[in-house]
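Colleague: I am attaching a structure below and will ask some questions about it afterwards.
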Amino acid sequence: MWKRFRTYGLIALLALLCAQGWNRVNIAAMQAHPFARHNVRDGRALLATDDASYLQGADKLLGARPDLEQGNVQGPSLRAPGYGSLYLLLRLALDPMPAISALIWLQCLLFAVAVVLLWETLLRCGIARRIRWPLVLLLAVMPTFHGFLFHTLTEGITPALSLTLLCCALLDASSMRRRWLFAGTAVWCVLMFTRPALLWMGIALLPGLLRLGLARASLHVLLAAAPMLGWWAMNCVRANTSWACIRSTGKARRA
């Protein structure tokens with residue numbers, strides 16, 4: 001047992017160090033280049049065209065962005081609130097820049113956990129060592145898989161969440177322990193709330209859910225989808241309210 005936990009720790013540490021190391025080298029190289037340094041946020045993270053849309057909701061809610069106030073009527077949100085909610089939790093305790101640093105570390109830690117879970121899944125499924133170790137080490141070490149970990153975008157967490165969900169589904173099938181099914185359902189909930197387009201990833205959990213019976217499976221699916229459905233319903237209300245406000249404003253101007 002101790003040997004297995006030691007293996008977990010070594011794999012997680014390797015994945016975390018590589019994720020941090022390759023990206024820190026990349027940031028240092030970009031800061032040294034006059035045409036690339038503007039794409040680095042305070043030496044902490046990489047900037048993207050649309051990352052502000054994921055973070056500004058939390059800053060506005062906390063009163064840090066008064067420039068975002070646009071009257072009493074708020075239009076529908078174009079971004080699912082999952083990623084912004086994670087940033088908001090960090091902002092409740094930290095200032096914006098330290099919160100960005102903490103968010104990057106969390107993304108790297110989540111990636112490391114996903115790599116460890118892949119190793120455990122391959123082991124439980126009886127994959128040979130000569131295949132299992134190269135696959136896990138490639139995922140942990142290759143910078144190809146670390147590309148979005150220093151971006152403040154949903155891509156910073158959705159690959160790790162997707163891999164974790166798939167591993168939970170396979171572990172549930174191999175061990176028949178419901179804890180893996182419940183863990184996978186919870187991850188699916190977060191994944192849908194973060195990136196609704198990945199709702200289809202829940203197909204991996206379907207065999208385990210059906211073992212619970214149709215009624216209980218339907219309840220689990222409904223509970224997992226509840227946050228996403230709540231956001232969708234709120235957007236529908238906001239869209240109707242905004243449209244009514246625009247129509248009334250147009251009528252007032254014509255009058």
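Colleague: Checking V115 against (1) in contact (Cβ under 8 Å) with a residue 40 or more places away in the chain; (2) surrounded by fewer than 22 Cβ atoms within 10 Å (Cβ to Cβ); (3) among the hydrophobic types (A, V, I, L, M, F, W, C), only one condition comes out false. Which one?
Modeller: Among (1) in contact (Cβ under 8 Å) with a residue 40 or more places away in the chain; (2) surrounded by fewer than 22 Cβ atoms within 10 Å (Cβ to Cβ); (3) among the hydrophobic types (A, V, I, L, M, F, W, C), the lone unmet condition for V115 is (2).
Colleague: Go through the range 128-139 and report how many residues are more than 10 Å from A15 (Cβ to Cβ) and not in a loop (DSSP other than H, G, I, E, B). If you could, list the steps in order and put the result at the bottom.
Modeller: Taking the range 128-139 and keeping what is more than 10 Å from A15 (Cβ to Cβ), we get 128-135, 138.
In the following step, the residues that additionally are not in a loop (DSSP other than H, G, I, E, B) were identified as 129-135, 138.
Number satisfying all stated conditions: 8.
Colleague: If I ask for residues that are surrounded by 16 or more Cβ atoms within 10 Å (Cβ to Cβ) and either part of a loop (DSSP other than H, G, I, E, B) or of a type in the set (V, I, T) (or both), which ones from the range 88-106 would you list?
Modeller: I100, I104
Colleague: Taking the conditions exactly as written (in contact with a Cys (Cβ under 9 Å, 6 or more places away or on another chain) and within 30 Å of L88 (Cβ to Cβ)), does F193 satisfy them or not?
Modeller: Details: in contact with a Cys (Cβ under 9 Å, 6 or more places away or on another chain): no; within 30 Å of L88 (Cβ to Cβ): yes.
Answer is no for this residue.
Colleague: Related question: Inside the range 126-146, can you point out the residues that are among the small types (G, A, S) and either touching a strand residue (DSSP E or B) at 6+ places or on another chain (Cβ under 6 Å) or crowded, with 17+ Cβ neighbours inside 10 Å (or both)? Show your work before the answer.
Modeller: Initially, the range 126-146 is screened for residues among the small types (G, A, S), giving 126, 128, 140.
Within the range 126-146, A140 is the sole residue that qualifies.
Colleague: Output the residues belonging to the range 30-63 that are in contact with a Pro (Cβ under 8 Å, 6 or more places away or on another chain) and exposed (fewer than 13 other Cβ atoms within 10 Å of the Cβ).
Modeller: Those that are in contact with a Pro (Cβ under 8 Å, 6 or more places away or on another chain) and exposed (fewer than 13 other Cβ atoms within 10 Å of the Cβ): none in the range 30-63.
Colleague: Step by step: first the residues of the range 140-185, then only those that are among the β-branched types (V, I, T) and either in a helix (DSSP H, G or I) or free of Cβ contacts under 8 Å to residues at least 12 places away in the same chain (or both), then the one that is nearest to I27 (Cα to Cα). Which residue is that? Talk me through it step by step, then tell me what you get.
Modeller: Of all residues in the range 140-185, those among the β-branched types (V, I, T) come to 141, 144, 152, 154, 157-158, 164, 185.
Adding the requirement that they be either in a helix (DSSP H, G or I) or free of Cβ contacts under 8 Å to residues at least 12 places away in the same chain (or both) leaves 141, 144, 154, 158, 164, 185.
Numbers: V141: 18, T144: 15, T154: 20, T158: 22, T164: 28, T185: 36 Å.
It comes out as T144.
Colleague: From the residues in the range 26-37 that are modelled with pLDDT of 90 or more and either over 15 Å from H151 (Cα atoms) or of a type outside the set (V, I, T) (or both), which one is nearest to the chain's Cα centre (by Cα)?
Modeller: Initially, the range 26-37 is screened for residues modelled with pLDDT of 90 or more, giving 26-32.
Those still in the list that are either over 15 Å from H151 (Cα atoms) or of a type outside the set (V, I, T) (or both) too: 26, 28-32.
On the way: N26: 22, A28: 25, A29: 27, M30: 25, Q31: 27, A32: 30 Å.
Only one residue fits best here, namely N26.
The values are calculated or read from the model by the stated rules, or taken from the named source; none is laboratory data. What you are looking at is a predicted structure, and each value in this text was computed from that prediction instead of being measured. Neighbour counts run over all protein chains shown; Cβ positions are idealised from the backbone, glycine included.
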